[in-house]
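Where a number appears in this text, it was derived from the coordinates with a stated rule and is not lab data. Given the structure is predicted, the values throughout are model-derived calculations rather than measurements. Cβ coordinates were reconstructed from backbone atoms using ideal geometry, including for glycine residues, and neighbour counts include every protein chain displayed.
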Amino acid sequence: MSSTTATTATATTAGPAERTGARTDEAAALIGGARERIDTLDDRIIGLVQERMAVSAVIQEARITSGGRRVNLSRETAVLGHYRDALGKPGTALAMTLLELCRGRV
């Protein structure tokens, strides 16, 4: 049996502790449940980001149609500050990513 085949066979027969990196089945069960919760939260976050993108597109369309610019830098600065205040320095990076996603194309 090749090492790849052996690795695949081990992965498919690995117990909960081996799949999660936990040392006990009890910890593995806790980790498994928490990972399911994180997956659910991630799906909700993705949905909220998509909703934010759609709302931002409406705002940009209205601003451009009225003769304004697509991006409002003072508003973006306020968003960056809000995320930084709530989440610290990593919040600024998260906000920058959200703003980039939401700028899109109108």
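Taking Lys and Arg as +1 and Asp and Glu as -1, the other residues whose beta-carbon sits under 14 Å from that of Q50 total -1. Using the Cβ-Cβ distance between R19 and D39 with R0 set to 25 Å, the FRET efficiency works out to roughly 0.95. Excluding R37 itself, what net charge comes from residues whose Cβ is under 15 Å from its Cβ, given Lys and Arg +1 and Asp and Glu -1? With Lys, Arg at +1 and Asp, Glu at -1, the net is -2. With the simple spin-label model, which puts each label point 7 Å out from Cα in the Cβ direction, the L48 to L94 separation comes to 0.8 nm.
Let me spell out the model: positive unit charges on the Cβ of Lys and Arg, negative unit charges on the Cβ of Asp and Glu, origin at the Cα centre of region 46-106. What dipole size does that give, in debye rounded to 20?
Details: 9 positive and 5 negative charges, 35 e Å.
Here region 46-106 has a charge dipole of around 160 debye.
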